[in-house]
Structures are given as structure tokens and as C-alpha cells.
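The structure under discussion appears below in the form of C-alpha cells.
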Amino acid sequence: MAIQRTFSIIKPDATKRNLTGAVNAVIEKAGLRIVAQKRILMTRAQAETFYSVHAARPFFGELCDFMTSGPVVVQVLEGENAIATYRDVMGATNPANAAEGTIRKLFALSVGENTAHGSDAPETAAQEIAQFFAGNEIVG
Ligand code: CMP
């Protein structure tokens, strides 16, 4: 497997509890390299665009409220098989189902306040990275 990039968000529940460094430590321990990172306040429009695939879901409004409720840290992670590796490192969406040692098992509060987002496929990774980063902001 070639070196791949994935997009990550450290969500407001984590930034609020000062856990950015703790989450990054798990990411780096898993062999992923943080090649771009910035702390932002997501606008409503950015959140609605980012999660547009979930627009018809009953939790869409709540999800966008949450993602705009405080700072998030958007990141590009690079490494061998980065998309699947990061999904393993994050653990299941619902922390109740997440494996020991995963980011969501360690830090997440609920299925909504679940600490981290990671891309699910190469196409979405490229799209998500392009929504938040210019090419020259990513330094591998
Ligand atoms: P994420 O990986 O960011 O992608 C979609 C998000 O929707 C997911 O993480 C969860 O945080 C959120 N989500 C999924 N199911 C629910 C739910 N039942 N209630 C609230 N949020 C949800």
C-alpha cells in the first residue's frame, strides 16, 4: 500500500477539554504524520457542506450545531494506508462500541460528541482536504 493522506477533525468536545495534544499523541503513536493542521471555528455553511451526505438524517441539525459550537482542529494525516489506519485508531462512531485504546474509547462522550472525524474513502479524503486546505498548507 502506498503512502496515503486522510482528513481529520478534532471536534469541539475535545478542544473544549484541552485534548488536542492527547488526541495527536494517539495519532502519532499509530505511525500517522500530521502534515497540516489548523484550529478554526467552522461556519454553519462549512459544516452543512462538509456533512451534506447526512442532510436527510434526523441528527443533521444537531450535528451542524455541535460542529459550530466551538473550535475544531482540522488536519491532514499522512501514512501507510492512512484512511483505514486512522479509522482503526479512531474506533467505532459510537464510543460505546469502540475498542480499547482507540481515540473514541479513550475520549468520546457520545455518538454525537465523538471527538474525531476521519475520511471514509480516497475520494472523500481528497474532497474534505480540499475544503479546508490549500495545497501549499500541506507539508509532508
Ligand atoms: P463523523 O465521523 O464526523 O461523521 C458523521 C457524524 O454524525 C458522526 O461522526 C457522528 O458524530 C454523527 N452522528 C452519527 N450518528 C448520530 C446520531 N445518532 N446522533 C448524533 N450524531 C450522530
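Screening the stretch 69-95 for residues that are assigned to a loop (DSSP other than H, G, I, E, B) and in contact with a Pro (Cβ under 8 Å, 6 or more places away or on another chain) and picking the one that is nearest to the ligand (Cβ to nearest atom) gives S69. Can you confirm whether the stretch 1-15 contains a residue that is at pLDDT 95 or above, surrounded by fewer than 17 Cβ atoms within 10 Å (Cβ to Cβ) and over 18 Å from Q127 (Cα atoms)? No, the conditions are met nowhere in the stretch 1-15.
In the stretch 40-85, which residues are among the charged types (D, E, K, R) and either out of contact with any strand residue (DSSP E or B) (no Cβ under 8 Å at 6 or more places or on another chain) or within 20 Å of G112 (Cα to Cα) (or both)? Talk me through it step by step, then tell me what you get.
Taking the stretch 40-85 and keeping what is among the charged types (D, E, K, R), we get 44, 48, 57, 62, 65, 78, 80.
Hits for the stretch 40-85 are R44, E48, R57, E62, D65.
Residues in the stretch 15-54 that are assigned to a helix (DSSP H, G or I), more than 12 Å from the ligand (Cβ to nearest atom) and of a type outside the set (D, E, K, R): T15, T20, G21, A22, V23, N24, A25, V26, I27, A45, Q46, T49. Of all positions in the stretch 116-126, none carries a residue that is at positive phi and either free of Cβ contacts under 8 Å to residues at least 24 places away in the same chain or not in a loop (DSSP other than H, G, I, E, B) (or both).
Residues checked against (1) touching a helix residue (DSSP H, G or I) at 6+ places or on another chain (Cβ under 6 Å); (2) surrounded by fewer than 16 Cβ atoms within 10 Å (Cβ to Cβ); (3) among the basic types (K, R); (4) free of Cβ contacts under 8 Å to residues at least 24 places away in the same chain:
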{"position": "V35", "(1), (2), (3), (4)": "no, no, no, no"}
{"position": "L41", "(1), (2), (3), (4)": "no, yes, no, no"}
{"position": "E48", "(1), (2), (3), (4)": "yes, no, no, yes"}
{"position": "A55", "(1), (2), (3), (4)": "no, yes, no, yes"}
{"position": "T68", "(1), (2), (3), (4)": "yes, no, no, no"}
{"position": "V74", "(1), (2), (3), (4)": "yes, no, no, no"}
{"position": "E80", "(1), (2), (3), (4)": "no, yes, no, no"}
{"position": "A92", "(1), (2), (3), (4)": "no, no, no, yes"}
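Quick check on the stretch 43-64. Is at least one of its residues closer than 19 Å to A22 by Cα and at pLDDT 95 or above? Within the stretch 43-64, none of the residues are closer than 19 Å to A22 by Cα and at pLDDT 95 or above.
The values are calculated or read from the model by the stated rules, or taken from the named source; none is laboratory data. Since this is a predicted model, take the numbers as computed values, not measurements. Heads up, the Cβs are rebuilt from the backbone with ideal geometry, glycines too, and the neighbour counts pull from every protein chain shown.
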